[in-house]
Amino acid sequence: MRTVGRTALALVSLLSAGLALTACTASDRPSTLTTTPSATAAKPQAEQPTEAELPEPSGPPCDVSQYQVTGAAGEKPTITVPTGCTPQDGLVVKDLVEGTGAEIKPGSSADLHYVLATFRDQRTREASWDGGEPFPLKNIGQASVIQGWNEGLIGLKEGGRRLLVVPSDKGYPNGQGDIQPGETLIFVVDAVKVEG
């Protein structure tokens with residue numbers, strides 16, 4: 001695991017192709033799927049608390065070991081978001097499965113499968129697995145995605161699985177679609193193919 005300190009608030013460039021992690025209309029984004037299961041429980045959508053009903057996270061900073069991920073590499077994972085703690089400062093990067101193939105370096109291209117959950121409401125927001133195709137990303141390090149990905153994917157090897165806990169200043173500081181401003185994002189990313 002490595003922790004990268006918070007840097008100045010960085011607004012991110014967003015893809016215009018209507019893919020995940022983009023600024024397209026909410027209906028174009030996988031995060032708007034209402035059939036995506038909860039990150040921690042199978043509550044019906046009608047029982048999900050509203051933003052106003054959610055308590056503010058409290059307690060000590062979470063340890064990376066408190067983020068539980070189930071499912072084998074190559075299969076859609078499930079993320080269990082910890083309770084009784086608050087998001088840590090900085091970007092957290094932890095390899096869950098060490099890949100054996102090519103390594104992502106600045107400028108690399110990769111096909112990635114991912115699941116995204118949000119900390120505060122402990123919900124799975126989107127998953128490339130649901131569309132059946134990995135997310136293609138070019139020029140990693142300078143790609144048109146959140147800064148947490150540009151920093152956190154470097155070093156991930158093909159065949160590997162990585163946990164990224166992304167603070168809001170490296171994610172969506174002003175919110176994005178149904179993701180609230182200031183939200184901590186939890187990703188599990190599988191490197192399906194790496195080039196360059």
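The values are calculated or read from the model by the stated rules, or taken from the named source; none is laboratory data. Because the structure is predicted, anything quoted here is derived from the model rather than measured. Please note: Cβ atoms are built from the backbone with ideal geometry, for glycine as well, and neighbour counts cover all protein chains shown. Areas reflect the complete protein model, heavy atoms only, side chains present, ligands, DNA and RNA absent. Shrake-Rupley method; radii C 1.70, N 1.55, O 1.52, S 1.80 Å.
Select from G175, A143, G160 the residue farthest towards the positive end of the dipole of segment 126-196; place +1 on Cβ of Lys and Arg, -1 on Cβ of Asp and Glu, and compute about the Cα centre. Of G175, A143, G160, it is G160.
For segment 145-196 and segment 80-141, what is the separation of their Cα centres, given in Å? One Cα centre to the other: 5 Å.
Among E103, E126, the sequence by solvent-accessible area, most first, with a 1.4 Å probe is E103, E126.
Taking the Cα centre as origin and putting +1 on Lys and Arg beta-carbons and -1 on Asp and Glu beta-carbons, what dipole magnitude results for segment 112-152, to the nearest 20 debye? Don't skip to the end; give the middle numbers.
Numbers: 4 positive and 5 negative charges, 20 e Å.
For this selection, approximately 100 debye.
If the chain between N139 and C85 were fully stretched, how many nm would it gain, using 0.36 nm times the residue separation less the Cα-Cα distance?
On the way: separation 54, 0.36 × 54 = 19.44 nm, distance 3.50 nm.
Difference between extended and current length: 15.9 nm.
Straight-line cross-link partners of K138 among the lysines, defined as a Cα under 30 Å from its Cα and at least 8 positions apart when in the same chain: K76, K94, K105, K157, K170, K193.
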